[in-house]
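Here the structure comes first, spelled out in structure tokens, and everything after it is commentary.
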Amino acid sequence: MYSITGLTRRQIADLVEFLMSQITAEQIEPPRHDSLTIFQQVAVALTYLRRNRTQADLGTTHGVSQPVISRVVCQWTAILATVLGTWIPTGDQLPEGSSWLVDGTLVPCWSWSEHPEDWSGKHHTTGRNLIVVADLKGNLVWVSDPYPGSTHDITAIRATNILQTPRTTWVADKGFIGQEAIITPVKKLPGQEHLDPQDKEYNQQVSSIRAPIERANAQLKTWRILHTDYRRPHHTHPETITAVLGLEFYKMSHE
């Protein structure tokens, strides 16, 4: 089941047990759909997040209607976001005196005409902007709340306040040039045809150091719901992102 859900059958069973214990503790009534067991419902939600398959397609696979799949995805995504959201590290949990790689990445969505703020001029599409932090080996460490796609990387990282972490070194790409706290490549000055040899060498060194964060981004976007257009209602997008981040950090803590 790993290829379609991102978790093994054993991991899904453990996740179901954990979710149900939290639901019971909070005295929340678990979703009930007579045509699907709780395990199958969670597996459907995981498949939707992992593969971003259409609800009609999932309905055909599980022998139920599209409306049933829609309700299952809606209900369990909300539960995953609520329960597993506590597994997502916060900015103040980043250790002091460390070196981190930072990058901005776009989580695409449909072009809702009433939300022009989602348009990213950098990526030429609509979505939400995330600030991603990884260690020097490319292991995912922290992810920001989602910002509208039009939000510049510098504006987004300043809003997170993570740059206030004492004695910390940050390394990023040219999208963060202008933020003094971050080591970035050198950019050509207006009218400058070529970079000086020493600047070229410096840029190569910076690029080599920050390369692992691309692996962190790629790992995060194995959840296809963060890589391909989001089709559910616009207001549910942040909740879905939280559910995926919670799942990813939950998985990391159990591996």
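The values are calculated or read from the model by the stated rules, or taken from the named source; none is laboratory data. Here the structure is a predicted model, which means the values were calculated and not measured. Neighbour counts run over all protein chains shown; Cβ positions are idealised from the backbone, glycine included.
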Collect the residues in the stretch 5-63 that are of a type in the set (Phe, Trp, Tyr) and surrounded by fewer than 16 Cβ atoms within 10 Å (Cβ to Cβ), keeping them in residue-number order. 18, 39
Wholly within the stretch 91-181, strands (runs of 3 or more DSSP E) carrying at least 3 residues that are within 14 Å of the chain's Cα centre (by Cα): 99-108, 125-134, 140-143
If you scan the stretch 159-178, which residues turn out to be within 13 Å of residue 129 (Cα to Cα) and loosely packed, with under 15 Cβ neighbours inside 10 Å? 159
Pairs returned, first residue in the stretch 117-144 that is closer than 18 Å to residue 240 by Cβ and surrounded by fewer than 19 Cβ atoms within 10 Å (Cβ to Cβ), second residue that is among the charged types (D, E, K, R) and at pLDDT below 95, beta-carbon separation under 9 angstrom, 6 or more apart or interchain, are 125/229
Residue set 84, 106; condition in contact with a Phe, Trp or Tyr (Cβ under 6 Å, 6 or more places away or on another chain) and either of a type outside the set (S, T, N, Q) or at pLDDT 95 or above (or both); output residue 84
Under 7 Å by Cβ, and 6 or more places apart or on different chains, what pairs join a residue from the stretch 164-190 that is among the hydrophobic types (A, V, I, L, M, F, W, C) with one that is part of a loop (DSSP other than H, G, I, E, B)? 170/181; 172/184; 176/184; 177/184; 177/187; 182/172; 186/195
Checking residue 184 against (1) exposed (fewer than 14 other Cβ atoms within 10 Å of the Cβ); (2) modelled with pLDDT of 95 or more; (3) not small (Gly, Ala, Ser), only one condition comes out false. Which one? (1)
Determine the pairs where a residue that is in contact (Cβ under 8 Å) with a residue 60 or more places away in the chain, located within the stretch 54-72, has a partner that is surrounded by fewer than 16 Cβ atoms within 10 Å (Cβ to Cβ) and among the aromatic types (Phe, Trp, Tyr) with Cβ atoms under 8 Å apart, the partner being 6 or more residues away or on another chain. none
Could you go through the stretch 218-230 and let me know if any residue there is in contact with a Phe, Trp or Tyr (Cβ under 6 Å, 6 or more places away or on another chain) and not β-branched (Val, Ile, Thr). yes
Please indicate, with yes or no, whether at least one residue in the stretch 73-85 is within 12 Å of residue 247 (Cα to Cα), crowded, with 19+ Cβ neighbours inside 10 Å, under 20 Å from the mean Cα position of the chain (by Cα) and hydroxyl-bearing (Ser, Thr, Tyr). yes
Does residue 77 fit the bill of being at pLDDT 95 or above, touching a Ser or Thr at 6+ places or on another chain (Cβ under 7 Å) and assigned to a helix (DSSP H, G or I)? yes
Would the stretch 210-224 turn up any residue that is assigned to a helix (DSSP H, G or I) and over 26 Å from residue 99 (Cβ atoms)? yes
